[in-house]
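Scroll down for the structure; my scribbles are underneath it.
The values are calculated or read from the model by the stated rules, or taken from the named source; none is laboratory data. Small disclaimer: the values here were computed from a predicted structure and weren't measured. Counting neighbours? That spans all protein chains shown, and the Cβs are built from the backbone with ideal geometry, glycine included. Please note that ligands, DNA and RNA were not included when accessible areas were found on the heavy atoms of the full protein model with its side chains. Shrake-Rupley method; radii C 1.70, N 1.55, O 1.52, S 1.80 Å.
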Amino acid sequence: MSWLRSSPLRQSFSRRTQDISNTGTDSKAVSDSFCKHWQQVSDIINRSENRQTQHDDVLAVVNHLDHMTTLLLVELHNCNKIALPNGQHPPAPCLEFMLSENLLDSLYEWSLSTGRYSNAVRLEQLKLYELLVSHSRHQLLVHEPFLRPLLKLLASCQNEIFPHDVGKRLVILLNQLCVVLMQNVHLLDLFFCSTQQHGLQMNGANQTNFIIFSLLIPYVHSDGSIGHQARDALLLCMSLSQKNSNIGTYIANHSSMSPVLVTGLCGLYSSLPNSIEVHSIDWFRITADDVNDMPELTLFMNSLEFCNAVVQVAHLLIRDQLLDFLYQGFLVPVLGPAVLQTNVESQIASMAYLDLILRSVTEPGLLKIMIKFLLDNEKFDGERILDVLIERINSPDSRLCMVTLTLFDTILGLHNEQLMTELILKYLIGARHIPIAQKHKINKIQAYAKTVDYLLDLAPEVMKNSNMILAEHKSLDYQQSSSASLPTHTNIVSRTIGANWNHYGLHNTGESLYSNYHAYLYDAHQKIKRTKYSCDQWTDNYFYKSPHKQRQNAKMPNEQLVQIVRNFLSEFNLDTITTTLMSDEPSNINNISNSSKQLDMDSLQSIGESSGYESMKYRPDEDEEHQINSGNDSGNQISTNINSNITIVKNIEPWRISRFKDSQLFDLEITEDIFTQGTVSLGPFLTSIWSKLQTFTSNSLYVNLHLTGLISHIALYPLPLVHSILLRPDIPTTSDIPSFYQVLKILKQQIDAELPMTEDSLELIDIGRTFLIDREFKLINARKIALEALKASNASQLSTSQTNTQTSQLQTYDPFKRQDDKRKSSSNSIMSIFRRTSTTTASSNSNNNNAGVIGANQGIASLRDHQPNSLELQTSSINDSTGLGANSYINERHRDLAIAAIILDEFLKELSSISQEMSIVLLNENFKNI
Amino acid sequence: MPIDANSSDEIIDEVLCTTKTEYRILLELKLISTEFNTGSIYIIPSKSNSLLWNGIYFIRSGPYKDAILRFKIQLETNYPNQKTPPELKLEFPIEHPLISPDTQIFDSSHAFPTWNESEHLYSFLKYFKYAMENFDFCVNLPIEKIINIEIAELYKKDQKEFKEKAKEMIVKSVNQIFIPTGDENIFSYDRNSIEEDEEIHQSILENMKTVADNLPESFSFLFDNRNRSLH
C-alpha cells in the first residue's frame, strides 16, 4: 500500500496551501459551515452509541448530510473552475477535512446501527459517493479514507435486496466507478481481489471477487433506465477485461455472468407472445417499432443486444464461454424447438423472432453460432433447421410464406459463404445442370448483356402495350414542356449520363420510382457493389471450374478419351482441325483434357466464322511452355500446357487476339456425369422458390413482392454459376424442374391468355398501377412522418437524459450496426418500396436501445393503425372505380392478374438491370487472380 | 434449348436503348483498359458525350517510336449495331499509309470491312496500333487500301529520307500534346509542371522505366471511378 501513500495527489492535500487568496474568503466560509454540520452529525453519532437510533436522529443526519453535500458541491465546483499552472489541484478544505477526519468511515460504522432506517442512510451515503466520484477531479479512489469506507459500503450491499431507489443509486454509483476505472485502469486492482487485501469481512472471505461486477449482475435484465445503466456498466467491465486479463479470468471463471445472461435470455424469449397479432395484410417482419411497442420484445432485444455487445467487447475467455452457453443453453433448447413447432401461428411468430435475431446480431462470433444453429444436423432429431425453413416457403398460409421469404432474404443479406453453399452453390458447383457442350459459356460475362432483350420480351403483352401508351404520354409531355427543340439522340445520351444517372432519374422528390429503369440500374449497381465486396472475402470466387482439377487421378482408357475429345470437337464442326494425339503414355491422359481446355471457344468460333485461311494443327514435338502474347507480331497463337505434348497453333490476325482468352475454359466432362443429365436437382431451396413462382398469378401481391425480391437478391450475388440459371437464357439447363425461363414463359402465356389486349385489360392495369404508386407514396409519407417524430423525441431525449454521456463512453458498443447500413440501402431501393410495410422498417433501429423512443412510437403505431393498407380496402375501391360488381370472381381474378402482370413486368426490369450491371462488374473477373 | 435473343425490335423504350448503348460502351471501355494494360493506348469518353472518345497513344515501336498521338473516336448512336467501324480521327497530321492526309481519319477497312455487334473496340484499337507500328504490313496491302500513297512510296524507296521525316514528326507530335483543348476529359499535359517539378519529373522517368513490363492488372483510370468519369 506504500504506493498509495506516496501518491503525488496525497501531498497536495496534506500541504497547507498559500496561494489561495483569490477564493480564500468563500472557501473559508464554506469549510467552516461544513465542519459545523459535521460536528452536529458527529454528536448524533456519538449519542447513538448509547441508545437505539431514533427516527429524528436519522432525519437530522440526512439533513446535515444534504447540506454537507451541497457545500462539497460548491467547493468542487470552485475547484474545477481553477486550473493551477503547475498542474496541481487547488485546495479543497472541506474535502480535506472529510478525509483527514475519516468522516466517511464514521458514517458507515454508524449506519450499521441504524436498524430499520439503514436503507435511508445507505441511500445518503451512495449519493455522497456518487457525487464525489463524478464531480471531483481528484482521484479520490487512491485515498484510503475514501476507498475503505466505499468498499465496506459496497460489500455490505452484496446479497441484499434493495428498494428501487436504493438500487438505482447503487447502479449509478457503480456505473460512475466503472467510468473512472476505464480512464484509470491502474486503479482496477483496488476493487479486485479486495477481500484479503482490505481485510474486510465478506461472505466466502478468501474468494476472489470483483465487487463492482458482482453487484451489477442482478440488474442485468432489469427494466428501464436502471437496467440500461447496469448493462452499460457491465459492458465497461467487459471492456476492462480486455485491458486486464485478471478481470477476464475472474468473470469467466468465478462470476455467473454467462449463465445469468443466457438463462435471462431464455426466460425473456419464453415470455414472448406465442402468436403475433398482425394488423395489416402485408406484414412480414418485426420492425424496430414493433419491438418498442411490445414490452416483452423490448426486454428480450435489450438482452440480446447486450449479449452481442459483450461478445464484441469482452475478453476472449468470456466471449467463448458466453457463445458456448448461448448455443447450448438458448439456441438448441429454446429457439430450436420454438421454430420447429407445428402450429402455424407459433411458426409465424418464431420465424419472425428468428428473423429479428438474425438481423440484430452483428458480431461475427454470434453470427457464427446462429449459422451453426441453422445447419446443425444432430441437435434436432436429425432435422436441419434450414431445411425446415425451406419447406415453409411453399406453405399454403401466405403469412407464413411471407415471413419465410423475408427470413431467407435476411439470410441472403448475410452474404455468408457457408449458407450460400448450403442453399444453392452445393448443387451447382459441378455445373451438372448444364449440358456439357454449354458449360464453357458459364463464365462468359459478355453474354449477360443480351439477357436484357430476352427478359424484357417476357413481359406480358398487355404490359408492353400499356408501357408504350405511357411512354407516348410522357414524350408528349416532354415535348410540350420543352417545346423549343426536339431532343436529338446525342442529347438523350448525355442527359441520361450526366443528370440522371445517380439519382434514380428523379429531379423532384414527388415522382414515383415505378417503372424507372435508371433507378433499377442504379439500385443494381449499389447492391452488386455491396454484395461483391462481401463475396470478395470468400475463400473462392465460385466461377465455374473444370472438374479435371479435382479428378487428376481419374484414369480412363486412352481410346475412350480420344473418342470423347473427337466427338466433342466435332460438335463445333471444326473440319479443319486435324488431331494427332500422343497418347502412348498413360500419365498424359489428363494432360490431354487439360490442354483441350485451353482451346478457346471464341477463337474457335471466329475461325468458323471467318474466311477459313486460318489453320489449326497439333505439333506433337513441341515441348516447351508458351505464353500467348497479345502483341505477337507473327500472329501465331500458341497454347501449350506444361508437360503436354500437344500444341495448338492458330493463325489469327494479331489484333483479334485478346489477352485473356487463352485461359478461358473449354470444358470436357469425362465422367459418368454424362449419363445423369436431365435428373439434376438444383437443391430444395431453388426448387421451392421455382414452385412458388409457378403459382405467381394466384399468389397474393405481397407474397409475389417478397418472392421476386428474393430471386433478385439471389441474382445479385456475383456468381456466374448462380446466374447460369437466372440471368442466362442462352444456357439451357437440364434440371429436374422447369428452368427459370420456362417458368417465366409460362407465366407470360398465362397472363396473355387470361388478360388479353383489350381496353378493359389496359384499364385494369392502369388501376393496378395507380394502386401500387399510391401505396408507394403512402409508405414514403409514413416514413417521413415517423422519422420526424423520431427526430423530435431524440432531441428532447438528448436534453433531458444524463445517461447519454455515459453511453458515449462506450463507443465500441454499437448494436444494429449492420442494420444501419441496411437502413440506408432500404431507403435507396425501388422494388423494396413496394415491399416495405407501413411501419418505419429500420429507421429507428439504431435508436432502439434508447428507452425514450417508446414515446415517439405512439405516433407511429397510431399511424399504422389508420393506414388503409389491407387489400380488402383497396379491392373494394378498385371495384368501385371500375363500376363492376364487387363480388364477381372473374373480376377479382382479372384484378389480381393485372397486379401480377405489373409486378412481373417490374421484376423483369429489375432482373435485366441486374444482368446489365453484372456484365460490367464481372467482366474479366475470373482472370483477376490468375 | 438455345434461345434467340434477337428481339431488340420489341424494345420500345428509348431510354432502354440508350441504356444498352451505354452499357455496351462501359463494357468496351473496360475491355480496353484490360487489353491495353501495359500502357500505350488510353481512352476516356468525352465529358459531354459518351459516344465521343478521347484517346492518347504512346507509340512504343515501329518507325514512329516515341511519338505521342492524341485522337478521337466517334461512335454512332446505335452502337454497336452500326454498319461501319467507328471513326478514328487523329489530332496530329501524322503521315501514314492508312491515314488520310486531308481528314486525318484512319482507314480500317482492310481489317474491318463492316461492323457488327460481335466486334469489339479493343480489336479495332489493336489494329490501329498494329498498323501504326508495322509499316511493312501497311505498304504491302492492296493498293486500293492505301490512302496516303506518297508516304508509302517514300517508305519503300527512300528509307533515309523517311526516317528523317519521321523523326521530325515524332518531335512535333510530342510538342503538340501540351497544347490545351476545350474538353475536360482529355489527355493534356502541362509542360511547366512536368519540367519544373523535380519530383514529378523524376517519378515520370521512374515510371517510364517500369511501366512497360509491370503495370498492375487493375490499372484503369476508367472503371474504378466509373461514376466519376461518366458524370
Only one of these conditions is not met by A:Gly248: (1) part of a helix (DSSP H, G or I); (2) modelled with pLDDT of 85 or more. Which number is it? (2)
Only one of (1) within 14 Å of chain A (Cβ to nearest Cβ); (2) modelled with pLDDT of 90 or more does not apply to B:Gln104, and that is (1)
Within the range A:872-894, does at least one residue satisfy the condition of being open to solvent by less than 40 Å² (accessible area, probe 1.4 Å), assigned to a helix (DSSP H, G or I) and modelled with pLDDT of 50 or more? yes
Top-ranked residue in the range A:228-244 [being closer than 12 Å to A:Arg319 by Cα and of a type in the set (S, T, N, Q); ranked as most open to solvent (accessible area, probe 1.4 Å)]: A:Gln242
Step by step: first the residues of the range A:110-168, then only those that are of a type in the set (A, V, I, L, M) and outside any helix (DSSP H, G or I), then the one that is surrounded by the most Cβ atoms within 10 Å (Cβ to Cβ). Which residue is that? A:Leu112
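Select, from B:Asp9, B:Asp13, the only residue that is surrounded by fewer than 16 Cβ atoms within 10 Å (Cβ to Cβ), facing another protein chain (nearest Cβ under 10 Å) and at pLDDT below 85. Give the steps one after another, and end with the answer.
Working: B:Asp13 fails: surrounded by fewer than 16 Cβ atoms within 10 Å (Cβ to Cβ).
Answer to the selection: B:Asp9.
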Residue identified as under 26 Å from A:Ser913 (Cα atoms) and of a type in the set (Lys, Arg) among A:Lys748, A:Lys784: A:Lys748
Within the range A:446-464, considering residues that are touching a Ser or Thr at 6+ places or on another chain (Cβ under 6 Å) and open to solvent by less than 10 Å² (accessible area, probe 1.4 Å), the one farthest from the other protein chains (Cβ to nearest Cβ): A:Val462
Residue match in the range A:465-481 (condition: at pLDDT 85 or above and at the interface with chain B (Cβ under 10 Å from one of its Cβ atoms)): yes
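Can you tell which of A:Tyr741, A:Tyr717 is more than 14 Å from chain B (Cβ to nearest Cβ) and modelled with pLDDT of 90 or more?
On the way: A:Tyr741 fails: more than 14 Å from chain B (Cβ to nearest Cβ).
Every option except A:Tyr717 fails the conditions.
Restricting to the range B:79-97, name every residue that is farther than 17 Å from B:Ala67 by Cα and not acidic (Asp, Glu). Give the steps one after another, and end with the answer.
Step one: of the range B:79-97, the residues farther than 17 Å from B:Ala67 by Cα are B:79-88.
B:Tyr79, B:Pro80, B:Asn81, B:Gln82, B:Lys83, B:Thr84, B:Pro85, B:Pro86, B:Leu88, listed by residue number.
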Exactly one condition in (1) within 25 Å of A:Arg893 (Cβ to Cβ); (2) of a type in the set (A, V, I, L, M); (3) open to solvent by 10 Å² or more (accessible area, probe 1.4 Å) is not met by A:Ile737; state its number. (1)
How do the pairs read when you match residues in the range B:152-179 that are basic (Lys, Arg) with residues anywhere that are surrounded by 14 or more Cβ atoms within 10 Å (Cβ to Cβ) and part of a helix (DSSP H, G or I), using Cβ under 7 Å and keeping only pairs 6 or more apart or on different chains? B:Lys156/B:Val139
When the range A:270-289 is examined, which residues are found to be assigned to a helix (DSSP H, G or I) and buried (at least 21 other Cβ atoms within 10 Å of the Cβ)? A:Ala288, A:Asp289
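Looking at B:Leu121, B:Leu125, B:Leu98, which one is aliphatic (A, V, I, L, M), at the interface with another protein chain (Cβ under 10 Å from one of its Cβ atoms) and surrounded by 19 or more Cβ atoms within 10 Å (Cβ to Cβ)?
On the way: B:Leu121 fails: at the interface with another protein chain (Cβ under 10 Å from one of its Cβ atoms); B:Leu98 fails: at the interface with another protein chain (Cβ under 10 Å from one of its Cβ atoms).
After ruling out the rest, the residue left standing is B:Leu125.
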